[in-house]
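The values are calculated or read from the model by the stated rules, or taken from the named source; none is laboratory data. Everything quoted here is computed from the prediction, not taken from an experiment. Cβ placement follows ideal geometry from the backbone for every residue including glycine, while neighbour counts extend to all protein chains displayed.
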């Protein structure tokens with residue numbers, strides 16, 4: 001179900017812990033599986049649990065708790081907007097509203113072209129530069145509607161119309 005490269009990466013993560021503590025590698029193993037497959041289908045979550053000799057329910061508990069795991073297909077670019085206190089007080093609700101209107105989607109939805117998904121997440125640890133969002137492995141801070149429009153245009157390859 002996973003490539004040899006992903007299986008090796010999961011084995012490496014598992015090797016960092018005593019054999020009886022394989023659950024400690026679960027977050028990393030789910031991340032590796034999601035990076036390869038795009039999202040975590042039920043069968044994939046069970047497969048990862050079996051690789052770590054865990055009851056599948058333990059893997060499902062983790063995959064359904066953390067917002068970094070996707071349980072259904074998402075867009076090529078997933079806007080994870082922080083909605084915690086500092087970001088909210090600095091306008092994350094306006095950022096979400098702007099993205100929603102600009103992209104024509106609501107929270108948890110993906111644009112028809114499969115390019116963008118909008119998600120609200122809990123604290124991402126960049127309170128000083130709120131409001132902010134995570135896109136892949138990058139943080140975008142001190143967001144404004146203008147900076148968002150520029151980011152969207154860049155991700156679309158220069159186009160300014162996202163609908």
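General observations
- Selected residue [closer than 30 Å to residue 156 by Cα and either at pLDDT below 95 or buried (at least 16 other Cβ atoms within 10 Å of the Cβ) (or both)] from 104, 83: 83
- Subset of the stretch 49-76 [part of a helix (DSSP H, G or I) and under 26 Å from residue 124 (Cα atoms)]: 58, 59, 60, 61, 62, 63, 64, 65
- Unmet requirement for residue 49, which otherwise passes all of (1) more than 18 Å from residue 2 (Cα to Cα); (2) surrounded by 14 or more Cβ atoms within 10 Å (Cβ to Cβ): (1)
- Among the conditions (1) farther than 25 Å from residue 97 by Cα; (2) in contact with a strand residue (DSSP E or B) (Cβ under 8 Å, 6 or more places away or on another chain), the only one that residue 70 does not satisfy is (1).
- Options 89, 99, 135: the member that is touching a residue at least 12 places away in the same chain (Cβ under 8 Å) and over 28 Å from residue 27 (Cβ atoms): 89
- Criterion: surrounded by 18 or more Cβ atoms within 10 Å (Cβ to Cβ), outside the structural domain of residue 140 (by TED's automatic domain parsing), part of a loop (DSSP other than H, G, I, E, B) and without any contact (Cβ under 8 Å) to a residue 60 or more places away in the chain - qualifying residue of 40, 44, 124: 40
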